[in-house]
Amino acid sequence: MRGIKTTTISILAIGLLAGSAVGVMAQDEATEPAAPVEFTGTTSFGGCSGGQTSTVDGDGVVMERAEGRYCINPSSGFADPRLQGEFRVWQNNDAYPGGLHLFMTGFSMHDDEGAWVQRPSLAFNHPDGANATRVIVMDGEGAYDGLTLIAEVGLTGGTWDWHGHIIDRELPPAPTIELPA
């Protein structure tokens, strides 16, 4: 009787340990972020709606402000179905004498599942007219909540060329910058 009792307790203990290990493994797998998904695609200039103001300051800087104005940018070539929605762009511009242009832009994309909203960023065009490459960060909403899109976007003529990744985690935090005493 004692041998059966010890064997039963041993089997029960092994079963509980195995069940716990499977539970821990399943929990670890559930919290593992998905691997980054690479994508490419293009958006182009489209029709715009809404108001915009344009003023010139005393230094000759032309300041255009989107006051409810946005442009719908047709997209193509995005293989990832999460990037098949309507792209919009909002933009405030400062054009300096001599050719330097500064742009504070914000993209959004939405479809029936959710949305991507860009963290506004500063971009510029060089005085020679060349466009600087932009790095865009967009936060997912709805079905894309918790995902982050990061992309390098270059402007050629009227087309933005996108190359980036969708990641299932937050970006690294900004470092604390300390100046020497």
Exercise for the section: Within the range 154-167, track down each residue that is surrounded by fewer than 21 Cβ atoms within 10 Å (Cβ to Cβ), at negative phi and over 9 Å from the mean Cα position of the chain (by Cα). Expected result: 154, 155, 156, 158, 159, 161, 163
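For (1) surrounded by 15 or more Cβ atoms within 10 Å (Cβ to Cβ); (2) under 23 Å from residue 40 (Cβ atoms), each residue gets a yes or a no:
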| site | (1), (2) |
| --- | --- |
| 94 | yes, no |
| 111 | yes, yes |
| 120 | no, no |
| 169 | no, yes |
Completion exercise
The one condition residue 149 fails out of (1) under 15 Å from the mean Cα position of the chain (by Cα); (2) surrounded by 12 or more Cβ atoms within 10 Å (Cβ to Cβ); (3) more than 22 Å from residue 44 (Cβ to Cβ) is (3)
Exercise for the section: Residues being of a type outside the set (Val, Ile, Thr) and outside any loop (DSSP other than H, G, I, E, B): count how many of those fall in the range 124-152. Expected result: 12
Completion exercise
Of the residues in the range 149-171, those that are free of Cβ contacts under 8 Å to residues at least 60 places away in the same chain and hydroxyl-bearing (Ser, Thr, Tyr) number 1
Practice task
Quick one: in the range 134-146, of everything that is surrounded by 14 or more Cβ atoms within 10 Å (Cβ to Cβ) and of a type in the set (Asp, Glu), which residue is farthest from residue 99 (Cα to Cα)?
Solution key: 141
Completion exercise
Condition set assigned to a strand (DSSP E or B) and touching a Lys or Arg at 6+ places or on another chain (Cβ under 9 Å), scope the range 109-121, selection farthest from residue 86 (Cα to Cα): answer is 121
Handout entry: Residues of the range 124-133 satisfying the condition of being touching a Leu at 6+ places or on another chain (Cβ under 8 Å) and either exposed (fewer than 14 other Cβ atoms within 10 Å of the Cβ) or free of Cβ contacts under 8 Å to residues at least 24 places away in the same chain (or both)
Key = 126, 127
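Coordinate-derived values only; no laboratory data. Keep in mind that this is a model prediction, so the values were computed, not measured. Virtual Cβ from ideal backbone geometry, glycine too; neighbours counted across all protein chains shown.
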